[in-house]
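Have a look at the structure below before the remarks.
The values are calculated or read from the model by the stated rules, or taken from the named source; none is laboratory data. A quick note: this is a predicted structure, and the numbers were derived from the prediction, not measured. Here the Cβ is made from the backbone with ideal geometry for all residues, glycine too, and neighbour counts use every protein chain on show.
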Amino acid sequence: MSKILETKNIVDVLSHVDAQTLVIFDVDNTLIEPTQQIGGTAWFTHMLKKFEARGIQEADAIPQIYVLWKEVQQVVQVKTVEKQTVSVVTKLHEKKIKTMGLTARGFALGQRTYEQLSSLGISLDAHTIHSDDVKLDETAGFVKGTLFLDPDGDKGERLLQFFDAIAYTPEKILFIDDMPEFLESVRIALGKRGIPFTGLRYGAADDRSLKFEPARADEELKNVFVGTRLQDFVTTLL
């Protein structure tokens, strides 16, 4: 059985779980978002359009944008998407419900993402399914409660690969993500194993994404890379 529902309230997570549920959270626009214009999903899409305008295909653009993304994450400030975000994760752990993260931030950002989440009081490794870090390959791995894969990776197939690596089969899964395609990817993958799935297409950050300010983001990006080895690249791109 599988279903995908819409919500803008993180507290709705609590009404879809029981003791047998593994709750999986996306990171960006689900648990956290930047306080600036750079460093978020809307900014990544904005940068992708800049590359495409120069005739660079998405497959070639994503690795170049990711170089900037990794550097930006070292300095960008973050906040929870909702005020109740931390309390919801805490309540899940108090109920002994297992959690984990699943994000296309890339394996290289494992430690930094853990630091960002921890700074806000979110510890996805507090009650998760595997106590150790697991490296699947050079681009994907499990770090402190979160499975990281490349921006163009398949969340569903990578999730199954991770489960196989730790010899784990969940009884049921609740997955919360702001991107419909990632929810569908996980739904399809879990369907192959007959694992019951509920997806929440989480839209609390939708309105703020629509208010993204491209010009302000470009200025912020320039300031980040002033005096660095990437300054000329960023200046040419913008």
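Do we have THR113 as β-branched (Val, Ile, Thr), under 30 Å from ASP164 (Cβ atoms) and surrounded by 17 or more Cβ atoms within 10 Å (Cβ to Cβ) here? The answer is yes for THR113.
Just a yes or no: is a residue in the range 116-138 in the same structural domain as SER185 (by TED's automatic domain parsing), surrounded by 16 or more Cβ atoms within 10 Å (Cβ to Cβ) and hydroxyl-bearing (Ser, Thr, Tyr)? Checked against the condition, which is being in the same structural domain as SER185 (by TED's automatic domain parsing), surrounded by 16 or more Cβ atoms within 10 Å (Cβ to Cβ) and hydroxyl-bearing (Ser, Thr, Tyr), the range 116-138 yields at least one hit. The helices (runs of 4 or more DSSP H) found wholly in the range 122-238 and carrying at least 2 residues that are under 18 Å from the mean Cα position of the chain (by Cα) occupy 155-165, 180-193, 206-210.
When VAL72, VAL76, VAL89 are screened for being hydrophobic (A, V, I, L, M, F, W, C) and out of contact with any strand residue (DSSP E or B) (no Cβ under 7 Å at 6 or more places or on another chain), only VAL72 passes. Inspect the range 151-164 for any residue being more than 22 Å from TYR66 (Cβ to Cβ) and in contact (Cβ under 8 Å) with a residue 12 or more places away in the chain and give the result as yes or no. Yes.
Among the residues making up the range 166-199, those that are exposed (fewer than 15 other Cβ atoms within 10 Å of the Cβ) and in contact with a strand residue (DSSP E or B) (Cβ under 8 Å, 6 or more places away or on another chain) are ILE166, GLU171, PRO180, GLY191.
Selection of the range 24-64 for residues being out of contact with any strand residue (DSSP E or B) (no Cβ under 9 Å at 6 or more places or on another chain) and of a type in the set (Phe, Trp, Tyr) yields only PHE51. Answer with yes or no whether LEU5 is farther than 18 Å from ARG216 by Cβ and surrounded by 14 or more Cβ atoms within 10 Å (Cβ to Cβ). No: the conditions fail for LEU5.
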